[in-house]
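Here is the structure we will look at.
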Amino acid sequence: MTLPIDTEELQFTVPDGWNLCVHPRGWIYFHNPFLKLLTDQDIRNPEKYNQLQVHASDIDSSEWEEGMEIILQVNRRGDVDFLLAINHSNCVAARTPEAVTDKAVKMLDAHDLNRCRRLYWNYLWSHPTHVPCPSRAIPDAADALTWYYTDNLLSGPRCNAPFSKQECDELMKLVQEMELPCNAHSPAKTVFLAWLLREVCSYRNSQDYGRFTRGESLDHTGSQRIYDPSLHDRKPSTIFLPILHIISNVLFFGIPWTYLAHVRASFEYHGRFVALQARWAKYIERLVREYSHFLLVSTVLLSATVGMLAVPEISAVSRIAATISAFLSLGSVIVGVFSMWRHQANMQPTDAFTYMRNAHQHVLGLHGLAMLLSIPPVLLIWAVITFAVSVVSYTTQGIDEGDVLARSLTWITLGIFFVILGTVMTALHSTFSLVWHIPLGSTLWSLLVTSWKRPVRSVGRWRVTRKSEV
């Protein structure tokens, strides 16, 4: 398809003294080395050129230091819309030419100098063609990447540097390649280094670079921590909190506390979106893996329950318990399947932030989310309990029989059941409590005393927690 061409625009030419520069991305800007002036406006249009000249004539650049220039933008009304003074020798930018002279730059502290550098690198990123890449760009970039790599090693997952270790390695290789002769006059090299150093300066500015001493910096970091959703989640009201504790510890078997810790750890944000996205992916992966296990057990239990209901001459208690167990197993399967489907369908970073915001703003906060996530295993546990009640009830039907052998076998079966029940309870208690707190060299008696006293201390800690939350 042929587009109509305005023949008047084809007659526009670049004015004398001006150079047309092309950014690697394709857009153009104009530079006048004599006036030390630069603009993004299309001065091939005489009207725009005349508007620019009105203000350019008021600028006296004859006494400027070497490496200085300004970028000027004029709006449709002919007023100055944007003006930024540049000093390529010192790699700084400011709103006035007087603020970027050698004398003024020497008076800047580290924090203000970093802000001027950030303006400069942002300017150079969008206007890289008319000047060579500053000599300090590669050393500054290499130094910053070396520190970020070191900080990742020292701080581990708590590091909030803008680049991970892998990203630092990749960026460092590119920085080293920029020193090759083939890249000596490359505008793309200037764009890359300007972008990298702009990110470095932006990060330093967010960290109050050059403002505090070591002691002041530690105090300031403690009082002005990076926003961590896990520290600012909405807590349930004082009326609901005790009720939630009872429900979580009794009806939900304490399972929500495990999910609450998992949610808080997954929602932590230390300034790096890539790390947050990775934790979000691991969060969903863990939920899907756990729900898959619960789903498998629930389906097996459901089959066993249906088989129990098919047994002839089953008592009413056994039938009711087996029916409840079947409903609970179905509920666990349904909730687990839909939870897996919804979580796997929302893997994007935007979905993570929406999920976090809604969880924190809910009336029950993260406690409510933890209880919601624990529904599949809780329903499964209750299904197992009711199925066990059904089996025990069916077994006790033989007690009233006149056959002595049948009654004996019934009591033996019940005895075996209670032995297995005690073994299971002991194993669960050891798995969830003792095994994580056994000190070296402990005797059996000390372990029994510790296991007896621990619930008392837990109640005391719960009361203290309640008082602090209230």
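How much length would be gained if the chain were fully extended between Tyr209 and Val54, taking 0.36 nm per residue of separation minus their Cα-Cα distance, in nm to one decimal?
Result for the pair: 51.8 nm of gain on full extension.
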Quiz item: For q = 0.15 Å⁻¹, what log10 I(q)/I(0) does the range 13-206 give under the Debye formula with an equal point scatterer on each alpha carbon and no solvent?
Solution: -0.95
Exercise. State which entries of Lys173/Lys282; Lys106/Lys173; Lys48/Lys106; Lys36/Lys103 exceed 31 angstrom in Cα-Cα distance in the structure shown.
Key: Lys106/Lys173; Lys48/Lys106
Self-check item: Long-range amide H partners of Asn19 with built H, under 5 Å
Solution: His31, Asn32
Quiz item: If R0 is 25 Å, what FRET efficiency do you get for Asp79 and Trp195 from their C-beta distance, rounded to 0.05?
Solution: 0.20
Quiz prompt | For Val335, Val200, Val384, order by how many other beta-carbon atoms lie within 10 Å, fewest first | solution = Val384, Val335, Val200
Quiz item: Distance in nm between label sites at Ser186 and Phe34, each 7 Å beyond Cα in the beta-carbon direction?
Solution: 3.5 nm
Self-check item: the range 241-358, relative contact order in percent, only Cα pairs under 8 angstrom and at least six apart counted
Solution: 27 percent
Self-check item: Using a Förster distance of 41 Å, the FRET efficiency for Asp16-Thr150 (Cβ separation, nearest 0.05)
Solution: 0.20
Practice problem: Using label points projected 7 Å from each Cα along Cα→Cβ, tell me how many nm separate Ala310 and Phe338, to one decimal. | Solution: 2.9 nm
Self-check item: Residues with amide H under 5 Å from that of Met68, placed H, sequence gap 5 or more
Solution: His88
Practice problem: Report the calculated FRET efficiency for Ser89 and Glu47 (r = Cβ-Cβ distance, R0 = 35 Å), to the nearest 0.05. | Solution: 0.50
Exercise. Quick one: what are the phi-derived ³J(HN,Hα) couplings along the range 328-337, Karplus 6.51/-1.76/1.60 with θ = phi - 60°, whole Hz, x for glycine and proline?
Key: 5, 5, 4, x, 4, 5, 5, 5, x, 5
Quiz item: For the range 138-145, what does the Karplus curve 6.51 cos²θ - 1.76 cosθ + 1.60, with θ = phi - 60°, yield as ³J(HN,Hα) per residue in whole Hz, taken in order and with x for Gly and Pro?
Solution: 5, x, 5, 5, 5, 5, 5, 5
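Only sites in a loop by DSSP and with at most 16 other Cβ atoms within 10 Å count here; which trypsin sites (Lys or Arg not before Pro) in the range 117-178 make the cut? Mind showing how you got there, number by number?
On the way: sites: Arg117, Arg118, Arg136, Arg158, Lys165, Lys173; in loops: Arg136.
Here the sparse-neighbourhood loop sites are Arg136.
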Quiz item: Tell me, what HN-Hα J-couplings in whole Hz come from the Karplus equation 6.51 cos²θ - 1.76 cosθ + 1.60 at θ = phi - 60° for each residue of the range 414-419, using x for Gly and Pro?
Solution: 5, x, 4, 4, 5, 5
Quiz item: How far apart, in nm, are the 7 Å Cα→Cβ label points at His130 and Ser217?
Solution: 3.8 nm
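Computed from the coordinates by the stated procedures, all read-outs in this text should not be read as laboratory data. Every value quoted in this text rests on a predicted model; they were computed, and no experiment measured them. Don't worry about glycine lacking a Cβ; one is built from the backbone with ideal geometry, like all the others, and counts go over all protein chains shown.
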